[in-house]
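Have a look at the structure below before the remarks.
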Amino acid sequence: MEDNWKVVFTCSSLYDANLTKAVLTDNEIDSVIINQKDSNLLFGSIRVYVSEEDYEKAKSIIESLEE
């Protein structure tokens, strides 16, 4: 992955990651999901990345969802 992408959301559920990606897409923010969770042992995390230029906007949108 290129250097200009930042983690904006981390979770343990692929459903939550896909929901977050859908909300970001609805707000015209490109995002990528990287699943680093081990499928057999069920540890690790799933991360949603956005470009550095969209990071602040994406973080604000995600924080408003958590309220």
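Laboratory data are not the source of any read-out in this text; all were calculated from the coordinates shown. Predicted, not measured: the structure shown is a model, and the values here were computed from it. Cβ coordinates were reconstructed from backbone atoms using ideal geometry, including for glycine residues, and neighbour counts include every protein chain displayed.
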Compactness of the chain, expressed as Rg and Dmax over alpha-carbon positions, Å
11.8, 36
On Cα atoms only, tilt of 55-66 relative to the major axis of the chain in degrees
70
Sum up the charges of everything whose Cβ sits under 12 Å from the Cβ of D54, counting Lys and Arg as +1 and Asp and Glu as -1, but leave D54 out.
-2
